[in-house]
C-alpha cells in the first residue's frame, strides 16, 4: 500500500500512522474484554503492548508497524484529550472504555 503524505514532518506522520493503528487495536481489545465480561475494566499500556506483540507473532498480522510503549502511552493521551475513555488514575497509564 502506498503511503500518502499529509503535510507533516516524517516523525509526526509516522506517529499518526501508529496512533490510528493503535486506536483500532485498543478498541478491539476493549471489545474482546467486554465480550469476556470485563466491561469497563481499565486497559494498561503493557496490556496493549502484549496484545500487539501477540498479534504480530502468533496472530499472523504482517503489516504492523513497530510500536513502542511510548507510542501506546501517547496514543492513550490523545484518545483521552479527544474525549474517548476516561483516566482512572494519574499514577498509571490506564484507559477505561
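Laboratory data are not the source of any read-out in this text; all were calculated from the coordinates shown. Just so you know, these numbers come straight off a predicted model, no measurement behind them. Neighbour counts are summed over all protein chains in view; Cβ atoms, including those assigned to glycine, are modelled from backbone coordinates with ideal geometry.
For the peptides 62-68, 15-21, the ranking by mean Cβ contacts within 10 Å, running from highest to lowest, is 15-21, 62-68.
With a simple spin-label model that places each label point 7 Å from the Cα along the Cα-to-Cβ direction, the separation between residue 61 and residue 13 comes to 2.3 nm.
Counting beta carbons within 10 Å around each of 36, 74, 22 and listing the fewest first gives the order 36, 74, 22.
How long is the gain from residue 36 to residue 78 if the chain were fully straight, where each residue apart is worth 0.36 nm and the alpha carbon distance is subtracted? Don't jump to the answer; show the numbers that get you there.
Numbers: separation 42, 0.36 × 42 = 15.12 nm, distance 2.65 nm.
The residue 36-residue 78 span can extend by a further 12.5 nm.
Each Cα pair under 8 Å and six or more residues apart adds its sequence gap; the mean of these over the residue count of segment 11-96 is a relative contact order of 34 percent.
With a ≥ b ≥ c taken as the square roots of the eigenvalues of the C-alpha gyration tensor of segment 11-96, please select rounded if a/c is under 1.5 and otherwise prolate if a/b is larger than b/c or oblate if it is not? Because a/c hits 1.5 or more and a/b fails to exceed b/c, segment 11-96 counts as oblate.
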